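Everything on this sheet refers to the single structure shown next.
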Amino acid sequence: MASIETASDIDWMRCELIERVPGKVSGRPIVRGTRIMPEAIVGSYELGETIEELCEGFPTLSRARITRLIEFAHDECEHCRP
């Protein structure tokens, strides 16, 4: 997978796993039903954490959800490059 340049360029609201809840984490995009920001997952992955390590670090998220977030971020970054 290509490296993610910046997670701030990603429109997280296009991902089915993401929601914004007023008053929760200052209304920032979070993984649905949690207080986890998707940038935390993708950023850790980009810094070298494996999927297995992410599963251990975020035990409330399934492997499938973690993988989907990473794939979504990579797909979005490919679309936002000129």
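Label-to-label distance, residue 24 versus residue 64, with points set 7 angstrom from Cα along the beta-carbon direction: 2.0 nm.
Around the Cα centre of the chain, unit charges on the Cβ atoms of Lys, Arg, Asp and Glu (plus for the first two, minus for the last two) sum to a dipole of about 500 debye.
Only one item in (i) 1.03; (ii) 0.94; (iii) 1.00 matches Rg/Rh (Cα atoms, Kirkwood Rh) derived from the coordinates shown, and that item is (ii).
With contributions of -39500 (n - 2.57) from each DSSP H run of at least four residues, the per-residue ellipticity at 222 nm computed over the chain stands at -12500 deg cm²/dmol. Would you work out which of 21, 77, 48 lies farthest towards the positive end of the dipole of the chain? Charges go on Cβ: Lys and Arg +1, Asp and Glu -1. Going by the Cα projections, it comes out as 21.
Using 0.36 nm times the number of residues separating residue 51 and residue 11, minus their current alpha carbon distance, what extension gain do you get? Present the calculation step by step, with values, prior to reporting the outcome.
Numbers: separation 40, 0.36 × 40 = 14.40 nm, distance 2.23 nm.
Fully extending the segment from residue 51 to residue 11 adds 12.2 nm.
Net charge near residue 56: determine it from the other residues with C-beta under 12 Å of the C-beta of residue 56, scoring Lys and Arg +1 and Asp and Glu -1. Please report the intermediate quantities before stating the final value.
Working: positive: 63; negative: 49, 52, 53.
Local net charge: -2.
A Gaussian network model of the chain, with springs between Cα atoms under 10 Å, assigns the largest mean-square fluctuation among 42, 21, 31 to 21.
Each reported figure results from applying straightforward, stated rules to the coordinates on display, with no laboratory input. Just so it is clear, the model here is predicted, and its values are computed rather than measured. Every residue, glycine as well, gets a Cβ built from its backbone with ideal geometry; the counts of neighbours run over all protein chains shown.
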